[in-house]
Structure formats: structure tokens, C-alpha cells
Amino acid sequence: MSKPDTSANRARSALALALLLVGALAVAAAAFLIFDRGEPGAPASSAIGGPFRLTAHDGRTVTDKDFLGAPALVFFGFTRCPDVCPTALAEVSAIFEKLGEDKKVAALFVTVDPERDTPALQKDFLASFDKRILGLSGDGEELQKMQKAYRVYAKKVPLKDGDYTMDHTAIVYLIDKKGRFVNAFNISRPPEEAAKDLARYL
């Protein structure tokens with residue numbers, strides 16, 4: 001019986017490890033480029049976000065320019081979301097409460113389900129949350145442009161009863177007072193901590 005070629009095995013193991021490390025570094029570099037946090041007021045480090053023109057849940061037509069002058073949290077979801085979206089809305093409401101009612105800040109809840117999420121439905125859905133959270137819906141093409149600008153994934157998932165749900169990105173984006181992307185914003189930490197962080201951008 002011939003002995004195993006240990007040198008060849010070692011070479012293959014080293015090559016596999018090197019490829020794994022290169023892959024990990026590539027993922028880390030991509031994440032850094034997308035979500036590199038700068039200092040308050042610093043230019044965004046990546047091309048996330050951009051202009052939009054949509055319908056707010058109170059019936060107004062709004063654009064990105066309407067939110068200049070104050071930081072905003074932007075996240076995507078839908079009114080029939082069973083858990084992730086209501087939880088995010090509750091967490092944002094808690095953060096805004098700790099920040100104070102007098103603080104000028106906004107949160108934009110952008111629908112990924114324009115077929116069902118009318119302004120009236122969004123208005124009812126958001127009634128239990130902080131009044132500074134604004135639901136946005138509108139033309140499907142405009143919403144797709146915004147999803148692309150924020151690198152959001154959204155896909156309709158059929159259900160057995162003929163209905164459907166939506167699979168979507170659950171990132172909360174922090175936009176500074178000049179309309180520039182800052183970073184993904186962690187809303188799952190204690191609301192006092194998140195409010196203190198957000199206050200840096202007021």
C-alpha cells in the first residue's frame with residue numbers, strides 16, 4: 001500500500017484556506033464600502049439612496065427634498081407583514097420617544113407591496129406608532145427605482161391559499177440632514193442608546 005501524498009494534501013489544504021480567506025476579505029470589504037459609518041455631516045461613502053417622488057399615507061405627494069434639514073430612518077416593508085415590520089415600527093417609536101417629541105426627525109416606511117398598500121391602509125396601520133413615521137406608497141415603477149437606489153431586495157412569495165406575502169430586506173438606513181446615506185442603523189439595541197446615537201445627526 002502506498003503512503004498518502006502528504007505534501008499534496010497540505011498544498012490543497014493551504015489553497016482551500018487561502019481561497020476561503022480571500023472570499024471572507026471580499027465580503028468584509030464589500031460590507032465596509034456599503035456601510036462604512038462616517039462622522040456626522042461627513043459625505044456618504046457609498047451610492048445608496050437618492051431622489052424619489054411618492055405618496056405619503058396622509059395623501060401628500062412627497063419627495064426626498066421634503067426631508068432635508070433633519071435625519072431620517074428609511075426602511076422597507078408592508079402592512080400585512082406578520083412580525084418583522086410591526087416590530088421595527090415599535091422599536092423606532094420607542095427610539096423617537098426617548099429622543100423627545102420636540103426633536104425634528106423622520107422615519108420613512110416604504111412599501112414593497114404597492115398592489116395592496118394604499119395610503120389609507122398605511123394610515124390605519126401606522127396609527128399605533130409614532131406620528132413622525134410616514135408611510136410611503138405609489139407607482140410601482142417609482143417604488144422599484146427607490147428599491148434599486150437603496151439596494152433593497154423584495155419578492156412576492158405565493159401562499160397555499162392563493163394569497164401571497166413579501167420577502168424583503170429588513171435593513172434600516174440612516175440618512176443625514178443633507179440627504180446623504182450614513183450607515184445601517186441598529187434599532188434593536190436599547191432605545192436610550194439608539195436615541196443618543198441618532199441625536200448626533202440632529
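Sorted on the mean count of surrounding Cβ atoms within 10 Å across their residues, most packed first, peptides 68-77, 135-144 read 68-77, 135-144. Beta bridges assigned by DSSP with both partners in region 105-202 are antiparallel in approximately 65 percent of cases.
FYI, it's all coordinate maths here, none of it is from the lab. All figures in this text were calculated on a predicted structure; none of them were measured in a lab. Glycine gets a Cβ as well: all are built from the backbone with ideal geometry, and neighbour counts include every protein chain shown.
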